[in-house]
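Here's the structure, in structure tokens; my notes come after.
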Amino acid sequence: MIAVVGALVAAVCLLVYGFLEGGKLVISLIEKAEVTRKGAKEMALEFIEIIDLFLMGTVFYIISVGLYSLFINTDVRLPEWLKIRTLDDLKNKLLSVVIVVLAVVFLGQAVAWDGARDLMGLGVGIAAVIAALTWFISVKAGNKGD
């Protein structure tokens, strides 16, 4: 129960913080009333970072719901896409969200790119991790029929 509540508290904190940061950004944009090309790029980066907070909040929520449905109450009514019957189901759901988070992290770096830093290493590293996680998920899915 401690893990379930801890993950739920983390999810709520991240989601509320993301919401508040988004609100501050919108208020800041309204006050400036003028967005330059550079400012638009910075704004896009800030919104991407806020989306990253929401994604991480979602990860913690899925962990909380998954642990609850696995270990405390197996009869919880959940949408089909969120039904978790085994620990492997929970891991697969988490890995799927991690893949999206990694893509968002790279997108944020690409948007903030100043032309001086080399993004190739970061991009190849993230692509390798995504490929490995995708392979892991597909192998696990292929073994379910065995």
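At 0.36 nm per residue, and after removing the present C-alpha to C-alpha distance, how many nm does the segment from residue 72 to residue 58 gain when stretched out fully?
Value of the extension gain: 3.0 nm.
Once every DSSP H run of n ≥ 4 in the chain is given -39500 (n - 2.57) and the sum is divided by its residues, what mean residue ellipticity at 222 nm do you get, rounded to the nearest 500 deg cm²/dmol?
After summing the helix terms and dividing by residue count, I get -28500 deg cm²/dmol.
What is the count of Lys pairs in the range 2-143 whose alpha carbons sit under 24 Å apart, if the two are 8 or more places apart or on different chains?
Here the count comes out as 9.
Subtracting the Cα-Cα distance from 0.36 nm times the residue separation, let me have the gained length for residue 9 to residue 103 in nm, one decimal.
Computed gain between residue 9 and residue 103 is 31.3 nm.
Helix 2-32 against the longest principal axis of the chain: what's the angle in degrees, Cα atoms only, rounded to the nearest 10?
20
If I take R0 = 30 Å and measure r between the Cβ atoms of residue 95 and residue 32 in this structure, what FRET efficiency does the formula 1/(1 + (r/R0)^6) give, to the nearest 0.05?
Details: r = 40 Å, r/R0 = 1.32.
So the FRET efficiency works out to roughly 0.15.
In degrees between 0 and 90, to the nearest 10, how far off the longest principal axis of the chain does helix 87-111 point, with axes built from Cα atoms?
Tilt relative to the chain: about 10 degrees.
If the elastic network links every pair of Cα atoms under 10 Å, which of 59, 129, 101 fluctuates the most in the Gaussian network model of the chain?
For the chain, modelled as a Gaussian network with Cα springs under 10 Å, the answer is 129.
Please arrange 113, 81, 135 by counting, for each residue, the other beta carbons lying within 10 Å of its beta carbon, fewest first. Don't jump to the answer; show the numbers that get you there.
Values: 113 13, 81 6, 135 10.
Neighbour counts put them in this order, fewest first: 81, 135, 113.
With the chain treated as a Gaussian network of Cα nodes joined by springs under 10 Å, which of 123, 66, 115 yields the largest mean-square fluctuation?
115
Listing 88, 114 from the residue with the fewest other Cβ atoms within 10 Å to the one with the most, what is the order?
Starting with the residue having the fewest Cβ neighbours, the order is 114, 88.
Need the full-extension length gain, residue 132 to residue 16, defined as separation in residues times 0.36 nm minus the C-alpha distance. One decimal, nm. Walk me through the numbers before you get to the answer.
On the way: separation 116, 0.36 × 116 = 41.76 nm, distance 3.21 nm.
Contour length minus Cα-Cα distance gives 38.6 nm.
Which value, in debye to the nearest 20, gives the size of the charge dipole of the chain about its Cα centre, when Lys and Arg are +1 and Asp and Glu are -1 at the Cβ?
Rounded to the nearest 20 debye, it is 240 debye.
Along each of its three principal axes, how wide is the spread of alpha-carbon positions in the range 1-96, in whole angstrom units, largest first?
If we take the Cα atoms of the range 1-96, the spans are 53, 22, 19 Å.
Specify, per residue and in Å³, the volume enclosed by the convex hull of the alpha carbon atoms belonging to the range 51-138.
Here the figure is 91 Å³ per residue.
Assuming R0 = 35 Å, can you tell me the calculated FRET efficiency for the pair residue 143 and residue 110, based on Cβ-Cβ distance, to the nearest 0.05?
0.50
Could you please rank 93, 24, placing first whichever residue has the fewest other Cβ atoms within 10 Å of its Cβ? Display every interim value, and only then the final one.
Details: 93 20, 24 12.
Listing 93, 24 from fewest to most nearby Cβ atoms yields 24, 93.
Values quoted throughout were computed directly from the atomic coordinates according to the rules given, and no laboratory measurement underlies them. None of the values given here were measured: they were computed from a predicted structure. Reconstructed Cβ throughout: ideal geometry from the backbone, glycine too, with neighbour counts over all protein chains shown.
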